[in-house]
Ligand code: FES
């Protein structure tokens with residue numbers, strides 16, 4: 001039986017990174033993580049406001065079920081940030097209330 005670890009953590013100098021921008025603030029994170037994970041790593045805890053009452057909301061399930069993580073990505077509103085991989089240069093903004101239906105596009109259209 002092997003005693004080698006099943007997972008290895010690359011040294012920080014070996015990590016490939018991407019930089020996204022959240023409301024003008026650059027956040028550099030390891031490549032391959034979701035936009036929601038990147039925002040949480042960057043200290044963002046208020047992703048959107050609710051359509052009724054404007055209450056601050058943040059990710060809950062991190063697997064595409066609850067829709068609490070909606071943000072605007074590159075001008076497209078209501079994107080589920082927990083299932084969108086962070087890519088270099090993405091411009092992310094808070095989702096304020098409900099988007100207009102005309103502004104909503106599905107991922108394959110964007
Ligand atoms: S955190 Fe639940 S859908 Fe994104």
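Here residue 51 does not qualify as at pLDDT below 95 and within 14 Å of the ligand (Cβ to nearest atom).
Residues in segment 70-86 that are under 8 Å from residue 35 (Cα atoms) and not in a strand (DSSP E or B): 81, 82, 83, 84, 86.
The values are calculated or read from the model by the stated rules, or taken from the named source; none is laboratory data. Bear in mind that the values here come from a model prediction, so they are computed numbers and not experimental data. Note that we place each Cβ from the backbone using ideal geometry, even for glycine, and neighbour counts take in every protein chain shown.
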